[in-house]
1. Is it the case, given these coordinates, that Ala81 is within 30 Å of Tyr256 (Cβ to Cβ), touching a residue at least 60 places away in the same chain (Cβ under 8 Å) and assigned to a helix (DSSP H, G or I)?
2. When you go through Gly159, Gly172, Gly196 one by one, which is the residue that is small (Gly, Ala, Ser), out of contact with any Ser or Thr (no Cβ under 7 Å at 6 or more places or on another chain), in the same structural domain as Ala241 (by TED's automatic domain parsing) and farther than 23 Å from Glu225 by Cβ?
3. When you check Pro158 against the structure, is it in contact with a helix residue (DSSP H, G or I) (Cβ under 6 Å, 6 or more places away or on another chain), surrounded by fewer than 16 Cβ atoms within 10 Å (Cβ to Cβ) and of a type outside the set (Gly, Ala, Ser), yes or no?
4. Take Arg163 and tell me if it is within 29 Å of Cys221 (Cα to Cα) and surrounded by fewer than 20 Cβ atoms within 10 Å (Cβ to Cβ).
5. On the basis of being under 21 Å from the mean Cα position of the chain (by Cα), at positive phi and either in the same structural domain as Lys94 (by TED's automatic domain parsing) or aromatic (Phe, Trp, Tyr) (or both), does Gly40 make the cut?
6. Please specify each residue of the range 43-71 satisfying the condition of being part of a loop (DSSP other than H, G, I, E, B) and hydrophobic (A, V, I, L, M, F, W, C).
Amino acid sequence: MTIKAGIVGGTGYTGVELLRLLVQHPQVELKAITSRKEAGTPVARMFPSLRRRVDLAFTEPGARALAGCDVVFFATPNGVAMGEARAVLDGGAKVIDLSADFRLKDLAEWERWAAEILESHVSYPILCYYRSQHDNQSWLSALTCILDSCALLISVVPGTASRQAQLTFAIGRHALVDLCHVFNLEKVEAAWRASGGPHRLPKDHFDRVCDLMLEAKLRLCGDPEAPARLHALRALYEPSAQALADYIGMTLPDWYPKPLAKDQWKTVESVRSQAAASLIRESTVSPNAVAARLHMEDH
């Protein structure tokens, strides 16, 4: 049996190594390799080591280019697969994501993660001050996103997933409340609760969230009381989350990404590309070498 495979992001470090592995597999047939910047360029021209092994040219990313594939690999930066995988799945292909977008695939895993946050951060509160090099990423943002997702599943989405959402919600809220006690933030937490909590989800934003869920083919309950249920659930954790955010200088995430938001990896893309070009000019590496042709935007 031959498996027809496609690769999204075929010019980055991960994509090139994946190409090397797949062309050697006796039961794999490469059907498509995508790259925005190299669309139309033969793969073998860019990577001479693949001559007589890969006869394809790079194509523009998209479901049409990947039609007919049994499996599609995403060798892309974090955040790309999350936006493009649905169309590939709808086309009948399986998806293997080599980034971190789908690393935790169900709420039970997030329940365990929240339990680990509770155990580690309550035992060693100094961990709460740890922050990512990116100002819009933190353990607090991740935990708040999980609680937001669980609150939506419980209040808006019908089905059996609600039970696991309740379990994950309980341990996530437990972590936030206990950490507020650790830092003596009860008064700050109470002040936020008395003011109605952080205004993170105005009605028009709630409508937009529902639209996004419908686009993702989630079935909504349609109950007119659903917004009130969601508001009640948010009141159980948002004051604690905001009190912690104020105390340790972190921000809480939006309920849905802003349009045309630029990812962190794109912000430094030009800087990295210029640095790489400079190194290539100053080194003795042949311009035809694979190392000189790897694209920063695809890894």
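1. It is true that Ala81 is within 30 Å of Tyr256 (Cβ to Cβ), touching a residue at least 60 places away in the same chain (Cβ under 8 Å) and assigned to a helix (DSSP H, G or I).
2. On inspection, the qualifying residue turns out to be Gly172.
3. no
4. So Arg163 fits the description; yes.
5. Criteria not met by Gly40.
6. Passing the criteria: Phe47, Val54, Leu56, Phe58, Ala63, Ala65, Leu66, Ala67, Cys69.
The values are calculated or read from the model by the stated rules, or taken from the named source; none is laboratory data. None of these values were measured; they are calculated from a predicted model. In this analysis, Cβ positions are derived from the backbone assuming ideal geometry, glycine residues included, and neighbour counts consider all displayed protein chains.
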